[in-house]
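Asks: Before I ask anything, here is the structure I am working with.
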Amino acid sequence: MNKKKVVIGMSGGVDSSVAAYLLKEQGYDVIGVTMQIWQSDKEYEEREGGCCSLSAVDDARRVADKIGIPFYVLNFRDSFKRNVIDYFVEEYLAGNTPNPCIACNKYLKFDELLMKAKGIGAEYVATGHYAKIEKKGDKYVLVKSDDDKKDQTYALYNMTQEQLAHTLMPCGEYTKDRIREIAKEIGLAVHNKKDSEEICFVTDNNHGRYITEAAPGKVKEGNFVDKEGHILGKHKGIVYYTIGQRKGLGLALGRPVFVTSIDPIRNEVVVGPEEDIFKTDLICKDLNYIDLDLTKGPVELEAKIRYSAKPQPAVATLLEDGRVKVSFKEKQRAITKGQSVVFYNGNYVLGGGIIENLA
């Protein structure tokens, strides 16, 4: 009987490294792949760490050699620029706060990588994500990781039935501590490698500078205003700010203020007291449904509005234009346009969409 072939995306980190090992131990024919997404060789040669640095390629290659699997670097540079970087820049210029990891998962890891994998006869792609995929009746479902603190399902809600059917995520059944232990037990040098938390293509963690350089002449100074429109000071460009932000505003008003909204048309950043950033209702677009039917009426579920949030009780209602209104039982802090709202039923991911506006 032929072993099933799986292409695993290897970032050079401990999670994807151990995932590759686990799959090989389970009897799969494993091929390691790093997606080449860096835009400038010079820039990434100089950078230490990060999931898309050139040093990460060396780490991934060493792991592949250690566990005895073939390893390749595939060029995804143009697609990453188009679907992730350009989207990131355009969203910030529009006054939104995008999540580039969600875009990368949607367009690269579970779309283009899966197509390339099928093209070489592989049945699956695999990643080091902390999430689980299960068969429920005639459907595949996305389930929270056994390690709730590391769960990454928020960034995976766009997966289709086809993608879920052909994806493996072996780390979902382990805690992060156990994954590191396994890496140490099998002699992987990456067992204590620090997790990458920054935006991979923003090498100095200054996204405002990055966007300013990527879109010359489009980031301009403007006014901080209150909700009545009174000018309170000057901001350095709307891309430097996000909803709920307090630090780094450079305003001396004798009282704490928070970013409550961003107006790209007027190039204004609206600030106000903390209570102004607590809201209950939002409208979302670009929906993906994994296990949710809103056509028969509103559905009570849980939803979270950012990666680090905990799912909260809410009601989702389908609107006539295909968008969805989400009404939380309690006010949520800093609902932010451009971020995703993801729906849950306990440990099951029901779907999600992009926050377009407050309702």
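Asks: Taking a ≥ b ≥ c as the square roots of the Cα gyration tensor eigenvalues, with a/c under 1.5 meaning rounded and otherwise prolate when a/b beats b/c, else oblate, which class fits segment 44-192?
Replies: Since a/c stays below 1.5, the shape of segment 44-192 is classed as rounded.
Asks: Count charges around residue 317 for me, please; just the other residues with Cβ under 13 Å from its Cβ, Lys/Arg as +1, Asp/Glu as -1.
Replies: -2
Asks: When the Karplus curve 6.51 cos²θ - 1.76 cosθ + 1.60 is applied with θ = phi - 60°, which whole-Hz ³J(HN,Hα) does each residue of segment 199-216 get, with x for Gly and Pro?
Replies: Here the 3J(HN,Hα) series is 5, 4, 8, 9, 5, 10, 6, 10, 5, x, 5, 4, 5, 4, 6, 6, 10, x Hz.
Asks: Can you run phi through the Karplus equation (6.51, -1.76, 1.60; θ = phi - 60°) for segment 304-311 and list ³J(HN,Hα) in whole Hz, with x for Gly and Pro?
Replies: Result, ordered by residue: 10, 9, 7, 4, 7, 7, 9, x Hz.
Asks: Continuing with the same structure: Once the piece of chain linking residue 359 and residue 194 is laid out straight, how much longer is it, given 0.36 nm per residue of separation minus the C-alpha distance between them?
Replies: Fully extending the segment from residue 359 to residue 194 adds 55.4 nm.
Asks: Let me ask you something else. Which shape class applies to segment 223-359: rounded if a/c is under 1.5, otherwise prolate when a/b exceeds b/c and oblate if not, where a ≥ b ≥ c are the square roots of the Cα gyration tensor eigenvalues?
Replies: Taking the square roots of the gyration eigenvalues as a ≥ b ≥ c, segment 223-359 is prolate.
Asks: Another question, then. Which log10 I(q)/I(0) values does segment 211-278 give at q = 0.13, 0.16, 0.27 Å⁻¹ under the Debye formula, counting every alpha carbon as one identical point scatterer?
Replies: -0.33, -0.49, -1.27
Asks: Amide H neighbours of residue 323 under 5 Å, counting only residues 5+ apart in sequence or on other chains, H built in-plane at 1.01 Å?
Replies: none
Asks: Further question on the same structure: Given the Cα-Cα distance of residue 274 and residue 116 and 0.36 nm per residue of separation, how much length would full extension add, in nm?
Replies: 52.1 nm
Asks: Next question, about the same structure. Share of the chain's accessible area from carbon and sulfur, percent, 1.4 Å?
Replies: Whole-percent figure for carbon plus sulfur exposure: 46.
Asks: Continuing with this model, one more query. So for segment 68-145, Kirkwood radius off the Cα pairs, Stokes-Einstein at 20 °C and 1.002 mPa s: how many µm² s⁻¹?
Replies: 145 µm²/s
Asks: Moving on. Which angle from 0 to 90°, rounded to the nearest 10, does the C-alpha axis of helix 14-25 make with the longest principal axis of the chain?
Replies: Tilt relative to the chain: about 30 degrees.
Asks: Shifting gears a bit: Let me have the 222 nm mean residue ellipticity of the chain computed from DSSP H runs of 4+ only, each contributing -39500 (n - 2.57), with the sum over all residues rounded to the nearest 500.
Replies: -6000 deg cm²/dmol
Asks: Now for a different question. Which of rounded, prolate, oblate describes segment 291-359, given a ≥ b ≥ c as roots of the alpha-carbon gyration tensor eigenvalues and a/c under 1.5 marking rounded, otherwise prolate only if a/b is larger than b/c?
Replies: oblate
Asks: Still on this structure, please answer the following. Using a Förster distance of 22 angstrom, determine the FRET efficiency expected from the C-beta separation of residue 26 and residue 289, and round it to 0.05.
Replies: 0.15
Asks: Now for a separate question. Say we join alpha carbon atoms closer than 10 Å with springs in a Gaussian network model of the chain; which of 300, 185, 173 then has the biggest fluctuation?
Replies: Ranking 300, 185, 173 by mean-square fluctuation puts 185 first.
Asks: Starting from the amide H of residue 233, placed 1.01 Å from N in the peptide plane, find each other amide H under 5 Å away whose residue is 5 or more places distant or on another chain.
Replies: For residue 233, the qualifying residues are 224.
Asks: Also, quick follow-up: Find the accessible area per residue for the chain; the probe is 1.4 Å, ligands and nucleic acids are left out, and the unit is Å².
Replies: Per residue, the chain has an accessible area of 49 Å².
The values are calculated or read from the model by the stated rules, or taken from the named source; none is laboratory data. Keep in mind the model is a prediction, meaning the values are calculated, not measured. Glycine gets a Cβ as well: all are built from the backbone with ideal geometry, and neighbour counts include every protein chain shown. For the accessible areas, the whole protein counts, side chains as well, though only heavy atoms, and no ligand, DNA or RNA atoms are used. Shrake-Rupley method; radii C 1.70, N 1.55, O 1.52, S 1.80 Å.
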